[in-house]
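Reviewing the structure listed below.
The values are calculated or read from the model by the stated rules, or taken from the named source; none is laboratory data. Model, not experiment: these values are computed from the prediction. Cβ: placed from backbone, ideal geometry, glycine included. Neighbour counts: every protein chain shown.
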Amino acid sequence: MEAIQNKNKRPPLADKDYVPMGPIYRNAYAFHRSYLEMEKLFKVYVYEEGEPPVFHDGPCRSIYSTEGRFIYSMETETRMRTRDPGLAHAFFLPFSVVKMVKMIYEPNSHDMGPLKRTVSDYIGVLSSKYPYWNRSLGADHFMLSCHDWGPYVSSANGHLFGNSIRVLCNANTSEGFNPSKDVSLPEINLRSDAVDRQIGGPSPSRRPILAFFAGGNHGPVRPSLLAHWKGKGLPDVQVSEYLPHGVAYTEMMRRSRFCLCPGGYEVASPRLAEAIYLGCVPVVVDDGEYALPFADVLDWGKFAVRVRVVDVPRLREVLEAVSPRQYIRMQRRVRAVRRHFMVHGGKPRRYDAFHMILHSVWLRRLNVRIAAAAAQG
């Protein structure tokens, strides 16, 4: 991971599909080299134990789609998946928290015990059948969840919570998310398999709205945003809980220069990926507790704005301080970074969201190996 942040510039590596370049990356060369090494070397073993739909299945549409899409893509992966656990660098625990909530959780019971027992029992089966969990105390294993309860369910096993690589949409550093070992998963709201329909937007000159947000008044951030900006009658700052009948949400994003992306009940928001898809510069509204996706590789400050909650009253001032020339550069970078958030209807493509998630796991697996070697020394 240190190599990714190394600023030394070198000639680009050859690649028939894509060569990472430009300021959207912390270090484009180091990322490219690391990515190519991952493709060449990385092997993941997917445990075959467990029955669908709680295991080996997941939602492929809705705000939880990245959970199901990754599970499905990992199950069908041929290049980096190995059927021989002896060859694996990492081990995937293929359970779906979303499916657990649907199949096991008693609605309105507020009892998540059955979900935790399901995970605890599953790890118990694996650790008694194979040597791999006990060998590393889970440090070379990873789980993935886009449900808000993912972090809580991961506490079913102390080693899963504290040692394993947890790939989570709810990447809240104030609630135990550790960016050095955990992975921030982008929350992507897929309404259909036709992802291309959610892509693209006009140039800055055809975006008359400075800032846009529409969403429910819940969580720690949105009340302040709505209190200061809802219903102010400002044509260039459109903030509301609900859109008028007949007004399309995606069309409003396409007409906006900046799209506000406050978390709801939890820190993640599908608006982040939606803004990137639609060419709208995302504005992350938080106090820094949200670990942004792929931040080992991507320099978010080059294509997004981050506003602290205390500065919400100054929101218009902050955004107007971005000059037209600077905005054009930022929007161009949003379009460039889009490929890393793409989820394709068929087979995943190089450098897309699936492969970026795997690359994030790959980086952390390298850290585990180094830490293990140091401990043995």
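Can you name the residue in the range 17-41 that is aromatic (F, W, Y) and over 16 Å from F303 (Cβ atoms) and is also modelled with the lowest pLDDT among such residues? Quick ask: steps written out before the conclusion?
Taking the range 17-41 first, the residues aromatic (F, W, Y) are 18, 25, 29, 31, 35.
If we keep only those that are over 16 Å from F303 (Cβ atoms) too, we end up with 18, 29, 35.
Details: Y18: 94, Y29: 97, Y35: 98.
Going through the qualifying residues, I end up with Y18.
Restricting attention to the range 248-291, the residues that are β-branched (V, I, T) and at pLDDT below 95 add up to 2.
Looking across the range 21-35 at every residue that is touching a His at 6+ places or on another chain (Cβ under 9 Å) and aromatic (F, W, Y), the one that is farthest from R349 (Cα to Cα) is identified as Y25.
Look at the range 71-115 and say how many of its residues are small (G, A, S), more than 19 Å from L185 (Cα to Cα) and assigned to a helix (DSSP H, G or I). Break it down into steps so the answer makes sense when it comes.
Here is the first cut: in the range 71-115, the residues small (G, A, S) are 73, 86, 88, 90, 96, 109, 113.
Keeping just the survivors that are more than 19 Å from L185 (Cα to Cα) gives 86, 88, 109, 113.
Now restrict to residues that are assigned to a helix (DSSP H, G or I): 86, 113.
Of the residues in that region, 2 qualify.
Each residue in the range 255-285 was checked for being in contact with a strand residue (DSSP E or B) (Cβ under 8 Å, 6 or more places away or on another chain), touching a residue at least 24 places away in the same chain (Cβ under 8 Å) and within 19 Å of L210 (Cα to Cα), and 19 pass. Would a scan of the range 315-337 turn up a residue that is crowded, with 19+ Cβ neighbours inside 10 Å, touching a residue at least 40 places away in the same chain (Cβ under 8 Å) and under 14 Å from the mean Cα position of the chain (by Cα)? Scanning the range 315-337 turns up at least one residue that is crowded, with 19+ Cβ neighbours inside 10 Å, touching a residue at least 40 places away in the same chain (Cβ under 8 Å) and under 14 Å from the mean Cα position of the chain (by Cα). Residue pairs whose Cβ atoms lie under 6 Å apart, separated by 6 or more positions or on different chains, with the first residue in the range 182-203 and small (G, A, S) and the second surrounded by 13 or more Cβ atoms within 10 Å (Cβ to Cβ), are S184/A171; S184/A291; S184/P293; G201/R254; G201/L278; G201/G279. Only one of the listed residues (S174, S192, S180) is among the hydroxyl-bearing types (S, T, Y), farther than 28 Å from A336 by Cβ and out of contact with any strand residue (DSSP E or B) (no Cβ under 8 Å at 6 or more places or on another chain). That residue is S174. Suppose the filter is surrounded by 16 or more Cβ atoms within 10 Å (Cβ to Cβ) and at pLDDT below 95; does M100 pass it? No. From the list V237, V183, the one residue that fits, being within 19 Å of L319 (Cβ to Cβ), of a type in the set (A, V, I, L, M, F, W, C) and touching a Leu at 6+ places or on another chain (Cβ under 9 Å), is V237.
Find the residue count for the range 223-238, including only residues that are within 21 Å of E320 (Cα to Cα), out of contact with any strand residue (DSSP E or B) (no Cβ under 7 Å at 6 or more places or on another chain) and not aliphatic (A, V, I, L, M).
6
Of all residues in the range 36-61, how many are out of contact with any His (no Cβ under 6 Å at 6 or more places or on another chain) and either assigned to a helix (DSSP H, G or I) or over 19 Å from P94 (Cα atoms) (or both)? Adding up the residues that qualify gives 5.
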